[in-house]
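Read-outs: derived from the displayed coordinates by stated rules, not from any lab. Nothing here was measured: the structure is a model prediction, and the numbers come from that model. Every residue, glycine among them, receives a Cβ derived from its backbone with ideal geometry; neighbour counts consider all protein chains shown.
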């Protein structure tokens, strides 16, 4: 994998549907490539489906894909950082 991609082009896409048991993970991001290659070496349930000079597509059981509620941290989810149009201060009538 010797092609140079811009940071914008280094993408990862996870695709799955309700009918099939597996998810496909396409990535051209070197960080994700290393992580997924390491997982492939550690477990037989994540495999390389296709690869070319800049990217790989992996398959894994879709139950390994999770979407979680974000952890709260300072500045995220605080009342002060959230804006709501209904809470705008009234205009000064002077």
Surrounded by 13 or more Cβ atoms within 10 Å (Cβ to Cβ) and more than 15 Å from the chain's Cα centre (by Cα): is that true of residue 14 in this structure?
no
Would you be able to tell me the number of residues in the range 15-59 that are in contact with a helix residue (DSSP H, G or I) (Cβ under 9 Å, 6 or more places away or on another chain) and in a strand (DSSP E or B)?
8
